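The values are calculated or read from the model by the stated rules, or taken from the named source; none is laboratory data. Because the structure is a prediction, the values reported are computed rather than measured. Here the Cβ positions follow ideal geometry from the backbone for every residue, glycine too, while neighbour counts run over all protein chains shown. With ligands, DNA and RNA removed, areas are computed over all heavy atoms of the protein, side chains included. Shrake-Rupley method; radii C 1.70, N 1.55, O 1.52, S 1.80 Å.
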Number of protein chains: 2
Amino acid sequence: MTAVKSEFPVVGVIGAGQLARMMIAPATALGIKLLPFASSASDSAAQITPCIIGDYTDLDAVKKFAELCDVVTFEHELIPLSVIKALESAGVTVRPSSDSFIYSQDKEAMRKKLAHFNSPRSQVVSTSSEVSEYPVIAKAISGGYDGRGVWKVSSPDELQALLRNNPKLLIEELIDFDYEIAVMVARSPHAQATSWSPTQTIQSDGICTMTITPVPEMRNDLREKAQKIALEIAAEVKLVGVMAVEMFVKGDELFINELAMRPHNSGHWTIEGSRTSQFEQHLRAILDLPLGDPAMTQDFAVMGNILGKNKTDMYRPYLHLMARNPSLKFHMYAKEVRPGRKIGHVNIIGKDLVELRTEIEHAVDYMSGEIDE
Amino acid sequence: MTAVKSEFPVVGVIGAGQLARMMIAPATALGIKLLPFASSASDSAAQITPCIIGDYTDLDAVKKFAELCDVVTFEHELIPLSVIKALESAGVTVRPSSDSFIYSQDKEAMRKKLAHFNSPRSQVVSTSSEVSEYPVIAKAISGGYDGRGVWKVSSPDELQALLRNNPKLLIEELIDFDYEIAVMVARSPHAQATSWSPTQTIQSDGICTMTITPVPEMRNDLREKAQKIALEIAAEVKLVGVMAVEMFVKGDELFINELAMRPHNSGHWTIEGSRTSQFEQHLRAILDLPLGDPAMTQDFAVMGNILGKNKTDMYRPYLHLMARNPSLKFHMYAKEVRPGRKIGHVNIIGKDLVELRTEIEHAVDYMSGEIDE
């Protein structure tokens with residue numbers, strides 16, 4: 001536990017992508033200095049605020065960086081656990097700690113830790129003969145995101161082919177779910193914890209394209225159950241910071257799918273949709289500041305991911321969309337447009353869900369170049 | 001009129017204080033690069049984002065800076081009008097333009113321009129013999145803010161003493177007003193204009209300590225009249241950007257007091273209190289982007305200025321306040337604490353005005369050290 005600091009602290013963030021970029025606004029408001037550890041000066045956050053440039057697998061470089069910080073946190077799961085542990089041994093305050101972060105990095109460890117929560121049946125295999133029923137879901141033990149590292153496998157041959165590149169895979173029962181949700185939770189070293197209303201995540205080819213909060217077809221008691229589970233998991237893994245708990249919903253049954261121990265795409269709606277955004281809450285949590293109010297600012301919040309396609313210029317289309325709807329809130333990541341890459345998102349809040357969805361669908365299709373008007 | 005740009009533009013801001021600092025968040029979201037022109041690397045905005053350091057009275061330095069920008073705007077009125085005009089002659093897009101900005105810099109020019117709006121009676125004098133009735137308000141023609149450059153004058157001797165340091169003064173009738181308000185307006189080069197709900201500004205020793213939006217004691221028709229006047233003035237002075245129109249209210253009568261042609265303290269509530277903050281709207285306006293929705297996010301928004309006093313450490317008190325009320329939103333300017341200096345502000349939104357005022361009064365008193373609990 002940290003004593004109350006007598007000066008505004010410096011928060012180091014491993015990574016300088018869009019998540020670090022979106023931490024800049026609340027850090028600035030809170031008077032906290034954010035110092036991202038970037039791979040390159042052209043990284044999304046490095047374009048806005050001074051960063052340290054280096055390789056996050058290089059312990060010496062990360063250690064030197066950590067000396068400039070009062071607390072170190074993450075915007076991605078790619079940093080080796082050995083580096084995090086070495087930082088901790090050197091006395092650096094790392095949040096979440098390696099003891100927690102492993103459940104975000106290692107799906108095998110996560111499944112073991114959360115064995116008493118309702119989850120898809122799972123096993124770790126190294127040969128296809130260990131699997132008797134198909135189809136199944138195969139997942140890389142670590143490093144997967146946005147549909148990468150996750151495969152639907154229909155036969156032993158397919159599995160054997162995957163095992164050539166991945167000596168060990170997590171095999172999970174294929175859940176024929178009704179819909180997918182994510183519950184964002186925050187927890188501080190004092191064990192104060194909050195959660196936001198569950199979010200429906202709508203995926204296409206394994207990539208989230210839209211979120212709707214609260215989940216429209218979910219009854220209140222089921223929403224509360226999902227939040228309760230997410231808070232229990234947060235306590236179980238001793239979370240410090242924010243975490244996305246992704247779940248499948250089938251009828252009244254909830255299955256734990258994934259954990260991501262950082263601000264997450266399924267919490268982007270909170271920037272305008274909640275009194276306290278996931279980015280502000282993450283900073284408050286890792287600094288052991290009292291957490292902010294996670295209440296929604298309106299009945300519904302809809303978020304659409306802007307995925308790169310054939311348009312390279314994003315300024316003209318967003319001007320058109322702003323003229324069409326003065327309530328759209330754009331969040332651009334200042335990334336080079338590449339097909340399928342998340343280059344921004346757009347939020348809207350309001351009372352009429354049908355209208356909000358229509359506006360967001362139009363906006364992201366227009367930005368990507370799927371439609372011209 | 002600017003053609004639609006094919007790339008995200010660079011916005012230059014003369015000044016790097018808290019107003020430029022608070023432009024960073026919406027610029028980041030919009031994907032626009034903000035480049036402040038700072039006096040020193042320790043300026044409020046310069047601590048967050050790369051700046052050009054220089055002297056804003058040095059035309060060559062400002063010209064070199066402007067070459068890096070697609071449009072240049074201001075966060076204060078101190079830059080000489082001659083420098084702005086020279087930039088314009090060199091082909092730089094300056095918004096608001098010198099033709100407009102003069103009404104924010106020169107109170108004599110402003111009074112002449114707005115002679116047909118209801119205003120305190122006024123005259124420009126260079127000797128005390130030109131004034132026959134006392135008390136009056138004397139104002140420096142330019143450069144005043146936060147009560148500086150404004151004096152209540154009760155006798156010819158007092159006036160004569162002031163005229164020793166100020167060869168010319170604007171003398172205004174003393175209005176025995178009921179309360180003071182500010183109306184924030186935004187206007188784009190396309191002449192699209194929006195205004196926010198009028199704000200009551202509560203002053204102490206000429207410094208605004210609190211704002212309440214909408215003005216509680218103002219009837220709807222009078223609020224609408226105030227907004228209409230502010231929009232008319234915006235058109236009259238060919239505003240591009242945002243502007244505060246400060247007014248005195250006496251019964252049903254509105255008197256124009258001051259103009260400030262930039263984001264303004266009386267619009268700080270918009271960060272959480274409006275769908276579109278004054279900082280985002282200023283950027284949209286000067287870039288000729290369609291303006292955002294200025295609707296309020298809640299029934300009431302109360303803002304309190306955090307003024308430096310005897311506490312130098314601001315981290316411990318704000319931690320205490322966050323624990324007391326998870327809805328408080330702090331905006332710290334990362335300025336050294338000096339007595340009477342604005343070092344931050346705190347916003348709250350909600351439905352119960354009495355409670356909101358109590359929370360803000362407690363928060364600012366606690367931050368300043370007026371109270372210990």
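Key figures for this structure:
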quantity	calculated
Choice from A:D176, A:D70, A:D43 with maximal GNM fluctuation in chain A (Cα, 10 Å cutoff)	A:D176
Positive-end extreme of charge dipole, chain A - chosen from A:P214, A:V13, A:Y366 (charges on Cβ)	A:V13
Surface accessible to a 1.4 Å probe, per residue, for the residues of the range A:121-173, Å²	57 Å²
Base-10 log of normalised Debye intensity for the range A:121-173 (one unit scatterer per alpha-carbon) at q = 0.28 Å⁻¹	-1.19
MRE, 222 nm, helices only [DSSP H, n ≥ 4, -39500 (n - 2.57), over chain B, to nearest 500]	-9000 deg cm²/dmol
Under-5 Å amide H pairs with B:T209, H placed in peptide plane, nonlocal only	B:I202, B:Q203, B:S204
Translational diffusion of the range B:23-107, µm² s⁻¹ [Kirkwood Rh, Cα pairs; Stokes-Einstein; 25 °C; 0.890 mPa s]	182 µm²/s
Relative contact order of the range B:225-373, defined on C-alpha pairs under 8 angstrom at six or more residues apart (%)	20 percent
Prolate/oblate/rounded label for the protein assembly as shown (Cα gyration tensor, a/c 1.5)	prolate
Surface accessible to a 1.4 Å probe, per residue, for the residues of the range B:179-368, Å²	32 Å²
Length-normalised contact order of the range B:10-94 in % [C-alpha pairs under 8 Å, at least 6 apart]	33 percent
A/B buried area, accessible surface, summed, 1.4 Å probe, Å²	4000 Å²
For B:F74, distant residues with modelled amide H under 5 Å away	B:I14
Inverse of mean 1/r across different Cα pairs in the range B:130-289, Kirkwood, Å	16.7 Å
Inter-chain shielding of B:329-338 (mean C-beta neighbours from other protein chains, 10 Å cut-off)	3
Rounded if a/c under 1.5, otherwise prolate or oblate - the range B:165-222, Cα gyration tensor axes	oblate
10 Å Cβ neighbours from other chains, averaged over peptide B:263-275	1
³J(HN,Hα), Karplus 6.51/-1.76/1.60, whole Hz, each residue of the range A:323-331, x for Gly, Pro	5, 5, 9, x, 9, 5, 10, 8, 9
Isotropically averaged projected area of the range A:83-214, using the convex hull of Cα atoms (one quarter of hull area), nm²	10.2 nm²
Interchain or long-range residues, amide H under 5 Å from B:G31's placed H	A:M332
For chain A, fraction of C-alpha pairs farther apart than 35 Å, in %	24 percent
The protein assembly as shown, dipole about Cα centre (Lys/Arg Cβ +1, Asp/Glu Cβ -1), debye to the nearest 20	1020 debye
Number of partner chain Cβ atoms within 10 Å, mean per residue of A:313-320	5
Of B:L163, B:L239, B:L35, the one that fluctuates the most in a GNM where chain B has Cα springs shorter than 10 Å	B:L163
Most fluctuating residue given options B:G91, B:G15, B:G54, as computed from a GNM of chain B linking Cα atoms under 10 Å	B:G91
Chain B, relative contact order in percent, only Cα pairs under 8 angstrom and at least six apart counted	13 percent
Net dipole in debye of chain B [+1 Lys, Arg Cβ; -1 Asp, Glu Cβ; about Cα centre; nearest 20]	740 debye
Spacing of the two label points (7 Å from each Cα toward its C-beta) at A:L353 and A:T297, in nm	2.1 nm
Reciprocal of mean inverse Cα separation for the range A:224-373 (Kirkwood radius, Å)	17.0 Å
